[in-house]
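Everything on this sheet refers to the single structure shown next.
Laboratory data are not the source of any read-out in this text; all were calculated from the coordinates shown. Small disclaimer: the values here were computed from a predicted structure and weren't measured. With ideal geometry, Cβ positions are generated from the backbone for all residues, glycine too; neighbour counts draw on all protein chains shown.
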Amino acid sequence: MIDRDLYPVSPEWAARAHMNREAYEAARVAARETPEAFWAEQARRLDWITPPTVIKDVSFDKDDFRIRWFADGALNVCFNCVDRHLPERADQMAILWEGDEPDQSGGLTYVELHREVCRMANVLKSLGVKKGDRVTIYLPMIPAAAVAMLACARIGAIHSVVFGGFSPDSIAGRIEDCGSRLVITADEGLRGGKRVPLKANVDAALEKVAVETVLVISHTNADVPMTGGRDFRYGELKQGVSDDCPCEPMNAEDPLFILYTSGSTGKPKGVLHTTGGYLFWVSWTHELVFDYRPGEVFWCTADVGWVTGHSYVVYGPLANAGTTLMFEGVPNHPTVSRVWEVVDKHRVEIFYTAPTALRALMREGDDPVKATSRASLRLLGTVGEPINPEAWRWYHEVVGESRLPIVDTWWQTETGGVLVSPLPGATDLKPGSATRPLPGVELQLVDAEGGVLEGATSGNLVITDSWPGQMRTVWGDPQRFFDTYFSAYPGKYFTGDGCRRDEDGDYWITGRVDDVINVSGHRMGTAEVESALVLHPDVAEAAVVGFPHDIKGQGIYAYVTLNAGVEATEALRADLVRHVRAEIGPIAAPDVIHWAPGLPKTRSGKIMRRILRKIAEGETGALGDTSTLADPAVVEALVAGRG
Ligand code: WTA
């Protein structure tokens, strides 16, 4: 199928962009043919204490496995994101903050950010935090979240940010896995007029796992209980420290952060990113993909608890001397015009969000958008899941008044930053396609046996060579890293995504091919939800699959088998949903609970998810071959029970 719904690069964009078509093609060739020279040159965008001479040291082979970039270089991430901008931009806004209510806003200039980060770094040091220690950050979308991350980077501590929507159990699991010494949290967060009990959640988590210290930032000034000897008010400690703190020199391969993400097994993986390669990648991609110039107002709506927030709220924009907007609230509070009002209020130039948010806003009609000006905007972006062409066109025509390019950026927690995306001055746009790989990104489509597929085709998306922003390992479990990403197709990184390539060579991501589902742009492992369900005393067994959902992209469909003698009631259904919310967090709440007298299993006991997916999708007439099932009658019962 040829897709000719093309939106060509405009002459103005080709003229003004950092990279036009010729430059893009030349960079692709240079990155492929002379990678050492190419990356050495590009890496000069960072300020190095010791510039690297060893550029790329990589092997995806089992016996010789290593991923190292700029390995003899030294630098400090915080210096690159803050200090180096002070001579020219001390009074430029570094962070703009928009609170939950429209009358709450603020921010920090670069000189203020420097002072805040130094204070936080000195407080951490005074509490005994040293280079290499892990610090868990559980904060709302307030400037202090960025300050906390940068303060860790300044002293060489490794941060692990936990999304503020995760439950006490999820926090505890993440603290335990990486062995954090200290947690930075706030009294409460605010979202859509509701209070989020952050400190209370940390207290509950710490009933299961111990940390030495909890640092509490006052945000709503709620009266929260403090445990003597363990909990400290940041506002008080901050008074007693200097606002000057030297940057710790870090090796390029020293860890910068751990971020937990869902995989095919029950336990989230601690994705580890390091100092040099990661910072380089987010800075370089932020400039190229968004055609970014220092000082432009950039708004990425992601929470800092996700990788998008790490890379394009905090590190990318700040490394590029940007002004980054942090929004604590939600798109429909107090009205469904809020997002566009924030754009007008802060004169946002580049806006980057998830398709799920666009679909939700699109449902409210065009008027809430048209009531605003949006004249400051010059570029739009999306991330997190495939964008359906209908939502793309609405974004383009209504939000962008048919004058703004849209960059559909494909990437993953594991990739650090964007790998596949149009460049606004180089790439013709196609609604629904992430189009082309960035220079240095070598994609292939393979079949289930690993055979390489050529031309216009569909297959599993793999990457055949490393890029600087690639994750380095799973924290504490290098074997799991290798097995998850490099064992399916030896010598290649397996993304877990399916993908189509069209006649023009453009890529269309079709979604996960493993047991990961994408709910409102958030990754969720089906096994995680299953583990939570079977913890409930009434549940014998559970199987979870994704199903198409108009707004969320995918919803969570749970088949639940109850213990003998337990009655399937509406009250129990509600209780199971409540239970999963409490175990993992609201984003994991099942949309559908389907009472299953039994689950379709093969004779060897493996659940046949293909069949469960079909039933969840309502395609009960096309279940395919069920003859290998131990008990085919189970399927009939499930179809009958769909209701
Ligand atoms: C999906 C988020 C289609 C994909 C940055 C990937 C996308 C997973 C896109 C990673 C896109 C992300 N088009 N699918 N533009 N961007 N995805 O780790 O399935 O939260 O594997 O990283 O999101 O999700 P993660």
Kindly point out, ordered by number, any Cys in the chain whose beta-carbon has no other cysteine beta-carbon under 4.7 Å away.
-> Cys78, Cys81, Cys152, Cys178, Cys247, Cys300, Cys499
Label-reachable residues, region 407-426, where backbone N falls under 20 Å from a point 7 Å from Arg16's Cα toward its Cβ = 407-408, 422-426
Considering only DSSP beta bridges with both partners in the chain, what is the antiparallel share in %, to the nearest 5?
-> 60
Unit Cα scatterers, Debye sum, the chain: log10 I(q)/I(0) for q = 0.08 Å⁻¹ = -0.58
Cross-link list Lys131/Lys238; Lys194/Lys614; Lys56/Lys269; Lys208/Lys269: which exceed 30 angstrom alpha carbon to alpha carbon?
-> Lys194/Lys614
Report the label-to-label distance for Asp244 and Ala571 in nanometres (one decimal), using points 7 Å from each Cα along the Cα→Cβ vector.
-> 6.7
With the label point 7 Å along the Cα-to-beta-carbon line of Asp5 and a cut-off under 18 Å to each amide N, the hits in region 497-526 are 500-511
FRET efficiency for Ile551 and Lys267 from the Cβ-Cβ distance with R0 = 25 Å, rounded to 0.05, comes out at 0.30
According to a simple spin-label model (label point 7 Å from Cα along Cα-to-Cβ), what is the distance in nm between Lys208 and Thr53?
-> 5.0
HN-Hα J couplings of region 20-31 from phi, Karplus 6.51/-1.76/1.60, θ = phi - 60°, integer Hz, Gly and Pro as x?
-> 9, 4, 5, 5, 5, 4, 5, 5, 4, 5, 5, 5
Residue-averaged 222 nm ellipticity for the chain, from DSSP H runs of 4+ at -39500 (n - 2.57), nearest 500 = -8000 deg cm²/dmol
Any idea how far apart Ser402 and Ala90 come out in nm if each label point goes 7 Å out from Cα toward Cβ?
-> 4.9
Expressed in nm to one decimal, what extension gain is obtained for the pair Leu127 and Leu535 from 0.36 nm per residue of sequence separation less their Cα-Cα distance?
-> 143.2 nm
From phi via Karplus (6.51, -1.76, 1.60), per-residue ³J(HN,Hα) for region 119-136 in Hz, x at Gly/Pro = 4, 4, 4, 5, 5, 4, 4, 5, 8, x, 6, 10, 3, x, 5, 9, 10, 8
Can you work out the FRET efficiency for the pair Asp367 and Ala564, with r the C-beta to C-beta distance and R0 = 41 Å, to the nearest 0.05?
-> 0.15
First select every other residue whose beta carbon is under 11 angstrom from the beta carbon of Glu12; then total the charges, Lys and Arg +1, Asp and Glu -1.
-> +3
³J(HN,Hα) across region 197-202 via Karplus (A = 6.51, B = -1.76, C = 1.60, θ = phi - 60°), whole Hz, x for Gly/Pro?
-> x, 5, 4, 4, 5, 5
Averaging sequence separations of C-alpha pairs under 8 Å and six or more residues apart, then dividing by the length of region 247-362, give the relative contact order as a whole percent.
-> 22
With R₀ set to 22 angstrom, the calculated FRET efficiency between the beta-carbons of Asp63 and Asp483, to the nearest 0.05, is 0.90
Work through the residues other than Arg32 whose Cβ is under 9 Å from its Cβ and net out their charges, Lys, Arg +1 and Asp, Glu -1.
-> -2
Post the alpha-carbon centroid distance, region 583-597 to region 400-418, in whole angstrom.
-> 30
